[in-house]
1. Being open to solvent by less than 80 Å² (accessible area, probe 1.4 Å), closer than 25 Å to residue 163 by Cβ and not in a helix (DSSP H, G or I) is the filter here; which residues of segment 114-143 pass it?
2. Going by what's in this entry, would residue 55 be described as over 28 Å from the mean Cα position of the chain (by Cα), at pLDDT below 95 and not in a loop (DSSP other than H, G, I, E, B)?
3. Can you tell me which of (1) out of contact with any strand residue (DSSP E or B) (no Cβ under 7 Å at 6 or more places or on another chain); (2) assigned to a loop (DSSP other than H, G, I, E, B) is the one residue 77 doesn't meet?
4. Considering segment 1-30 alone, what residues qualify as being in a strand (DSSP E or B) and either buried (at least 18 other Cβ atoms within 10 Å of the Cβ) or not hydroxyl-bearing (Ser, Thr, Tyr) (or both)?
5. Here is a list of conditions, (1) within 22 Å of residue 32 (Cβ to Cβ); (2) open to solvent by less than 20 Å² (accessible area, probe 1.4 Å), and residue 93 meets all of them except one; can you say which number that is?
6. Among the residues of segment 215-231, which ones are open to solvent by 90 Å² or more (accessible area, probe 1.4 Å) and either in contact with a helix residue (DSSP H, G or I) (Cβ under 8 Å, 6 or more places away or on another chain) or at pLDDT 90 or above (or both)?
7. Pairs please, first residue from segment 13-36 and within 20 Å of residue 84 (Cβ to Cβ) and charged (D, E, K, R), second anywhere and outside any loop (DSSP other than H, G, I, E, B) and open to solvent by less than 70 Å² (accessible area, probe 1.4 Å), Cβ atoms under 6 Å, 6+ apart in sequence or on different chains.
8. Taking segment 144-163, which residues are open to solvent by 100 Å² or more (accessible area, probe 1.4 Å) and among the charged types (D, E, K, R)?
Amino acid sequence: MFNFIPYWRLDDLMVSFSNEGAGVGPHLDQYDVFIIQGKGSRRWQAGDKGEYPTFYPHPDLSQITQFEPIVDEVLQPGDMIYIPAGCPHNGVALEDCMNYSVGFRAPSQQDLLSSFADYSIDLGLFKTRYQDRGLTPRRDPSELAQAEISSFRKMLHETIDSAHFERWLTSHFSNTQLNQGYDEQHNPDYTLSEILDLFDEHTIFERQPGVRPVYLTKNDPQHSLEFFIEGQAFFAPAKYVPAVRELLKSPTWQYQASSTTATPLSVNHFWVQLMSELVNAGAWLPKEETY
């Protein structure tokens, strides 16, 4: 339903049930959200961004005051409202009802800087040290000169402009920290032979809910593809890139052997290896037959 929005923006899907008159009060969310009305009806009021006084009727519940709605609508089953990040809103159930909230991440500068710093520390990146160039005697040793500030700013710009930044960003947005689908007791590792058997049985593989593959766009058609799932890197040679992109955007996948293929393992070992890694990571799982 929301495939027109990049996977990296998707945060979560929350389902809530409310009795008549129930709601959490006027509040702000720091993410964009689509709210879909399921059962029943609910009155939604939404306002414009601004500064609003905050209070806490409960230690875990933040509300705002002085909220003037610019949208005031009753949603019926199947209706949907979009509320941008930072816009005040309030929903009150008019009867027993269910709502489906699809949240989209709107990361802050603080979030990005913290994650990028952790990434660089983990990989031991950006160890260039400051060096004085053209330093002149200082009349006031307490002064931090503009030229020095410019040098430090340049050092930080170099980290942002590096290829490491793009790779971190791709990895960062793939990481939901949900560990979807993987359970050592109920999802044992599949061997290559077992994956091959599943191919021969025409098994359908399902991408697990919440898994968001992310890759960095490359304009060179001869370039291999590196994509990330839960922060883990996977690779595809150039000749497989179009097919792998189809795999990543589709909820289900099934191996299709070409007419010239002897066996999937001998000719297309790539697919056996890749699906083994994806299945054992809990990202795609064989679909169970239902009767």
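The values are calculated or read from the model by the stated rules, or taken from the named source; none is laboratory data. All figures in this text were calculated on a predicted structure; none of them were measured in a lab. All Cβ positions, even for glycine, are placed from backbone atoms using ideal geometry, and neighbour counts span all protein chains on display. Heads up: the accessible areas ignore ligands, DNA and RNA and are worked out on the full protein's heavy atoms, side chains in. Shrake-Rupley method; radii C 1.70, N 1.55, O 1.52, S 1.80 Å.
1. 124, 125, 126, 130
2. Spelling it out, residue 55 is indeed over 28 Å from the mean Cα position of the chain (by Cα), at pLDDT below 95 and not in a loop (DSSP other than H, G, I, E, B).
3. Of everything listed in (1) out of contact with any strand residue (DSSP E or B) (no Cβ under 7 Å at 6 or more places or on another chain); (2) assigned to a loop (DSSP other than H, G, I, E, B), residue 77 misses just condition (1).
4. Listed by number, the residues that qualify are 10, 11, 12, 13, 14, 15, 17, 18, 27.
5. Single failed check for residue 93: (1).
6. 221, 222
7. Here the result reads 32/104, each pair linking segment 13-36 to a residue that is outside any loop (DSSP other than H, G, I, E, B) and open to solvent by less than 70 Å² (accessible area, probe 1.4 Å).
8. Scanning segment 144-163 gives 153, 154, 161.
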